[in-house]
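K.L.:
Here it is, the structure in full.
The values are calculated or read from the model by the stated rules, or taken from the named source; none is laboratory data. Just so we're clear, the structure is a prediction, and the values are computed from it rather than from any experiment. Note: ideal-geometry Cβ built from the backbone for every residue, glycine included; neighbour counts use all protein chains shown. Keep in mind that these areas ignore ligands, DNA and RNA; they rest on the heavy atoms of the full protein, side chains included. Shrake-Rupley method; radii C 1.70, N 1.55, O 1.52, S 1.80 Å.
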Amino acid sequence: MSNQRFVSSYAGTLDSKGRVCIPAPFRQVLAAQNTSGAFVCPSLAGNSLDVFGQELMDAQLKRLDQFDPFLSEMHDDLASQIIAESRPLPVDENGRVRLPDEFIKAANLKDAVAFVGMGQKFEIWNPDDYAAVKAKRREGALAARAAEQAAKMAALTAGVTPTGDSS
């Protein structure tokens, strides 16, 4: 298992043939995972595309193993949206993948695109759409940070360390 992750954000373009050039650092992560190409699916979290390698696909398939494939609605919900919607796309010699037209439409992609590293996956966004999402995600991260700091302060005030040990 590779411990490389998709880190950072990059600007890119969508050409007239529907191709995007995956940033070189992201291609290196895919290669380290022995992924020939990339898996791409519409995101469940917004108007973007999720892109990932073999490791995350294997993890999702393993996750589905806990559910009965014939009797579990959860199995069917997850499988239909992640597994069935994912497309294994080959990467050409220039690092480009041809995105399916329906994916381009679903993510509202135009000429410019944003590649957003998310650890185990990366996202492809229309940069204008991502700006609002980025601001919202920042608010969420700041709120989570404030809540964590408040919990630590409350624990110190009560004479308890944040791990629950007494002082």
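K.L.:
If Arg137 satisfies every condition in (1) modelled with pLDDT of 95 or more; (2) open to solvent by 60 Å² or more (accessible area, probe 1.4 Å); (3) under 23 Å from Val7 (Cβ atoms) but one, which is the exception?
P.N.:
Going through (1) modelled with pLDDT of 95 or more; (2) open to solvent by 60 Å² or more (accessible area, probe 1.4 Å); (3) under 23 Å from Val7 (Cβ atoms) one by one, Arg137 breaks only (1).
K.L.:
Looking at Ser86 and the list (1) within 13 Å of Ile124 (Cβ to Cβ); (2) surrounded by 16 or more Cβ atoms within 10 Å (Cβ to Cβ); (3) hydroxyl-bearing (Ser, Thr, Tyr), which single condition is not satisfied?
P.N.:
(1)
K.L.:
How many residues does the range 52-85 hold that are in contact with a Phe, Trp or Tyr (Cβ under 6 Å, 6 or more places away or on another chain) and either β-branched (Val, Ile, Thr) or more than 18 Å from Arg27 (Cα to Cα) (or both)?
P.N.:
Count: 2.
K.L.:
Something else: Which residues, counting only those in the range 37-93, are among the small types (Gly, Ala, Ser) and within 15 Å of the chain's Cα centre (by Cα)?
P.N.:
Those that are among the small types (Gly, Ala, Ser) and within 15 Å of the chain's Cα centre (by Cα): Ala38, Ser43, Ala45, Gly46, Ser48, Gly53, Ala59, Ser86.
K.L.:
Turning to a different aspect of this structure: In the range 95-126, which residues are open to solvent by 80 Å² or more (accessible area, probe 1.4 Å), farther than 19 Å from Gln54 by Cβ and assigned to a loop (DSSP other than H, G, I, E, B)?
P.N.:
Lys110, Asp111 - these are the residues of the range 95-126 that are open to solvent by 80 Å² or more (accessible area, probe 1.4 Å), farther than 19 Å from Gln54 by Cβ and assigned to a loop (DSSP other than H, G, I, E, B).
K.L.:
From the list Ala24, Ala45, Ala38, Ala11, which one is modelled with pLDDT of 95 or more and within 21 Å of Pro100 (Cβ to Cβ)?
P.N.:
Exactly one residue qualifies, and that residue is Ala38.
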